[in-house]
Amino acid sequence: MAATDLARTLVSWAVEEGFDRAGIAPLRPSDYAEAFLAWLERGEHANLGYLERRSEERLDPRNLFEGAASALCVAQQYHPAGADPDPPDGMLGKVARYARGSDYHDTMKARLLRLADRIREAYPEALTRAYVDTGPVLERELAARAGIGSFGKNTNLLHPEAGSWFFLGEIFLNLELAPEGAAIAELCGSCTRCLEACPTGALPAPYRLDANRCISYWTIEHRGWLPEEARSMIGDWLFGCDICQEVCPLNDGAYVPAAAEFAPDDRRAALTLADLLELSRDDYVEAFRGSPMKRAKLEGLQRNAAVVLGNLGNREAIPVLKRALTHPESVVRGHAAWALGRLGGPESKLALVEALAAESDGRVRCDIEAAIVAV
Ligand code: SF4
Ligand code: SF4
């Protein structure tokens, strides 16, 4: 079969498998190698050490395996463009839209593996390797080359109708395929809404993200204690942050349906921050089965919940934060103390003084002492 016909066939199979869009990117060295290395050099990847590894493959995907020649790139919408059901405020923290339903790593990977099976059955000479956000791959660049979107100034890939609420995945192949999918021209124009809306200055320049200042990094990727500055930075975001996508005019577009598996999970959506702070490990395992929020782990979610309660300034949270001062995880105790310091008042102060008398962990003691000063 000619390279063009084969490319079209594979793209049509991807759509049959349930992906919203697909395209083919022939493999070649990255056009962004210099910018990527400069970004690492500036340390703007925070402590995400995996980004420093396997540069040979990341910057030239032909090194992924012998004979790698093309990528079948796919996009899966996870939130309808044009629809905007914000989570209620109050005692609920915000969760990034991508994380409200099933874990895309699982669902997309399952689709990609079925697609790869089909390709190998039809073309036994084909070698395939599927990735969803896991391989040493600059996947947005490949997807842009495959006509799935173009880079926005918020560093997300944008599509004129679908906005930016979509996941990416790809199957690398040893098949020589013609490019399939016309490149999408730059869409931002003179707009700078995302740069202005980012509350933490994590977008210091167009097309540049400083993960050290990004709420998504702090709430999802960072383990252990949050630095003082990051605690107020995360505001009311329990997990992730969507602000630079919410303000994007491309996301006001026409309705584009999203796969049902990414709709918010009712049980998790009903959990208040107070519920989360007191969730047992067994209930956590049950409630967060199949959720991408597991990446932060239970103690990370509880740490975030305590911080958000402090930031929301709702004094109804004082009783649950007081109880969290005896939480088995020191990181949760320390952040609960910080939150009580933010909420202030005599009840918080008394609880902090009592907790200090009972606390033996040096780091938690520091947090309690600082909170007593702040009350
Ligand atoms: Fe800024 Fe939030 Fe976007 Fe990160 S995800 S760049 S914190 S607006
Ligand atoms: Fe581009 Fe404006 Fe969207 Fe930012 S908000 S990605 S500048 S269109």
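Every number in this text was worked out from the coordinates using simple rules, so none of it is lab data. Quick caveat: nothing in here was measured; it's all calculated off a predicted structure. Positions of Cβ are generated from backbone atoms using ideal geometry, with glycine treated the same way; all protein chains shown enter the neighbour counts.
Extension gain for the segment ALA46 to ASP106, taken as residue separation times 0.36 nm less the Cα-Cα distance, is 19.0 nm to one decimal.
Residues in region 224-241 carry Karplus couplings, in order, of x, 5, 8, x, 3, 5, 5, 5, 6, 4, 6, x, 9, 8, 6, 8, x, 7 Hz; the curve used is 6.51 cos²θ - 1.76 cosθ + 1.60 with θ = phi - 60°, and Gly or Pro positions show x.
Kindly state, to the nearest 0.05, the FRET efficiency for GLU229 paired with SER12, given R0 = 35 Å and r defined as their beta-carbon distance.
0.10
Exposure proxy ranking for TRP39, TRP338, based on other Cβ atoms within 10 angstrom of each Cβ and starting from the fewest, stands as TRP39, TRP338. For the chain, the longest principal axis of the Cα atoms and the long axis of helix 346-358 meet at an angle of about 90 degrees.
Axis angle, to the nearest 10 degrees, between helix 362-374 and the longest C-alpha principal axis of the chain: 70 degrees.
Where the alpha-carbon atoms of the chain are placed on the principal axes, they occupy 77, 40, 39 Å, in descending order. Over all distinct Cα-Cα pairs of region 265-375, the Kirkwood formula returns a hydrodynamic radius of 14.0 Å.
Within the chain, the cysteines lacking any other cysteine Cβ closer than 4.7 Å to their own Cβ are CYS73, CYS188, CYS191, CYS198, CYS214, CYS241, CYS248, CYS366. Distance between the 7 Å Cα→Cβ label points at LEU113 and ASN314: 4.0 nm. Applying a DSSP loop filter and a limit of 15 other Cβ atoms within 10 Å to the chymotrypsin sites (Phe, Trp or Tyr not before Pro) in region 229-305 leaves TYR255. If R0 is taken as 30 Å, the Cβ-Cβ distance between ALA205 and ALA357 corresponds to a FRET efficiency of 0.05. Only helical runs count toward this figure. For the chain, summing -39,500 (n - 2.57) over DSSP H runs of n ≥ 4 and dividing by all residues gives -11500 deg cm²/dmol at 222 nm. Within straight cross-link reach of LYS297, meaning Cα distance under 18 Å, which aspartates and glutamates are found once same-chain residues fewer than 8 apart are removed? Partners within reach: ASP103, ASP106, GLU221, ASP265, ASP275, GLU278, ASP282, ASP283, GLU286, GLU329.
Would you calculate the separation in nanometres between label points at ALA122 and ALA254, each defined as 7 Å from the Cα along the Cα-to-beta-carbon direction? Computed distance between label sites ALA122 and ALA254 equals 2.8 nm. Put a dot 7 Å past the Cα of GLU34, heading toward its Cβ, do the same for ASP133, and the two dots end up 3.2 nm apart.
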